[in-house]
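*Asks:* Pasting in a structure now, in structure tokens, and then I'll have a few things to ask.
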Amino acid sequence: MTIAYDDQNIFAKILRGEIPNDTVAETEHSLAFRDIFPQAPTHILVIPKGPYVTYGHFASAASEAEILDFTRLVGKLVADFDLAPVGDSGGYRVASNAGPDAHQEVPHMHMHLVGGRILGPFAMPERKV
Ligand code: DGP
């Protein structure tokens, strides 16, 4: 199945250098930059440079080199931003929203890496039905 990618989305524009961003790391296949609306002291978005819409799209269609590059970058950011849990403190959350049910706002695959404060349980709004 072909998944349509809208190259006018905001992260595609960031990748093309058309709008500014606060880059924290860049690799051959991935870019990491600070979220414009941070939910915690550290809130980084990690994106592949390739045209993938969701995490599932990326995980199934990206090359092994792209997936390895992305995954290793997440690991490096956890280390560089000192997010790894130590004993009974510290830690972080990674999350990737996909589609309307998950309230994905930007249709370019991105991983939120959030930490630097107590995040509490994974929270989801109550179901309406
Ligand atoms: P999501 O709901 O998972 O699609 O989250 C999209 C995130 O992208 C949201 O936390 C805000 C962030 N965001 C939206 N526009 C921009 C932008 O222009 N620059 C940056 N750095 N982040 C953005």
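*Asks:* In the list Asp82, Asp101, which residue meets the criterion of being farther than 21 Å from Thr2 by Cα and charged (D, E, K, R)?
*Replies:* Of the residues listed, the single one that is farther than 21 Å from Thr2 by Cα and charged (D, E, K, R) is Asp82.
*Asks:* Let me spell it out: the conditions are (1) within 16 Å of the ligand (Cβ to nearest atom); (2) at pLDDT 95 or above; (3) of a type outside the set (A, V, I, L, M, F, W, C); (4) over 17 Å from the mean Cα position of the chain (by Cα), and Gly90 meets all of them except one. Which number is the exception?
*Replies:* (1)
*Asks:* Across segment 104-129, what is the total count of residues that are under 21 Å from Pro51 (Cβ atoms) and either among the aliphatic types (A, V, I, L, M) or in a loop (DSSP other than H, G, I, E, B) (or both)?
*Replies:* 8
*Asks:* Could I ask something else about it? When the residues of segment 107-126 are filtered to those that are away from the ligand (no atom under 15 Å from the Cβ) and free of Cβ contacts under 8 Å to residues at least 24 places away in the same chain, which remaining residue is farthest from the chain's Cα centre (by Cα)?
*Replies:* Step by step, filter segment 107-126, then rank; the result is Glu126.
*Asks:* Counting only residues that are assigned to a strand (DSSP E or B), without any contact (Cβ under 8 Å) to a residue 12 or more places away in the chain and within 12 Å of the ligand (Cβ to nearest atom), how many does segment 10-61 have?
*Replies:* Summing the residues that are assigned to a strand (DSSP E or B), without any contact (Cβ under 8 Å) to a residue 12 or more places away in the chain and within 12 Å of the ligand (Cβ to nearest atom) in segment 10-61 gives 1.
*Asks:* Which condition does Glu66 not pass, out of (1) within 20 Å of Ala95 (Cα to Cα); (2) outside any helix (DSSP H, G or I); (3) free of Cβ contacts under 8 Å to residues at least 40 places away in the same chain; (4) not hydrophobic (A, V, I, L, M, F, W, C), if it passes all the others?
*Replies:* Only one criterion is unmet by Glu66, namely (2).
*Asks:* Please identify the pairs in which a residue from segment 84-106 that is of a type in the set (Phe, Trp, Tyr) has its Cβ atom under 9 Å from the Cβ atom of a residue that is more than 8 Å from the ligand (Cβ to nearest atom) and in a loop (DSSP other than H, G, I, E, B), counting only partners at least 6 apart or on another chain.
*Replies:* Tyr92/Ala40; Tyr92/Phe81; Tyr92/Leu83; Tyr92/Ala84; Tyr92/Pro85; Tyr92/Gly116; Tyr92/Leu119
*Asks:* Let me ask something additional. Considering only segment 69-99, state which residues are assigned to a loop (DSSP other than H, G, I, E, B) and under 12 Å from Gly115 (Cβ atoms).
*Replies:* Matches in segment 69-99: Phe81, Asp82, Leu83, Ala84, Pro85, Gly90, Gly91.
*Asks:* Looking at (1) hydrophobic (A, V, I, L, M, F, W, C); (2) over 30 Å from Arg127 (Cα atoms); (3) in contact with a strand residue (DSSP E or B) (Cβ under 6 Å, 6 or more places away or on another chain), which is the one condition that is false for Met111?
*Replies:* Evaluating Met111 over (1) hydrophobic (A, V, I, L, M, F, W, C); (2) over 30 Å from Arg127 (Cα atoms); (3) in contact with a strand residue (DSSP E or B) (Cβ under 6 Å, 6 or more places away or on another chain) leaves (2) as the failure.
*Asks:* Does segment 83-129 hold any residues that are of a type in the set (Val, Ile, Thr) and surrounded by fewer than 12 Cβ atoms within 10 Å (Cβ to Cβ), and which are they?
*Replies:* Val86, Ile118, Val129
*Asks:* Only one of (1) within 17 Å of the chain's Cα centre (by Cα); (2) away from the ligand (no atom under 16 Å from the Cβ); (3) exposed (fewer than 15 other Cβ atoms within 10 Å of the Cβ); (4) without any contact (Cβ under 8 Å) to a residue 24 or more places away in the chain is not met by Asp80, so which one is it?
*Replies:* Against the list (1) within 17 Å of the chain's Cα centre (by Cα); (2) away from the ligand (no atom under 16 Å from the Cβ); (3) exposed (fewer than 15 other Cβ atoms within 10 Å of the Cβ); (4) without any contact (Cβ under 8 Å) to a residue 24 or more places away in the chain, Asp80 comes up short only on (4).
The values are calculated or read from the model by the stated rules, or taken from the named source; none is laboratory data. Treat the numbers as computed from the prediction; the structure is a model and nothing was measured. Here the Cβ is made from the backbone with ideal geometry for all residues, glycine too, and neighbour counts use every protein chain on show.
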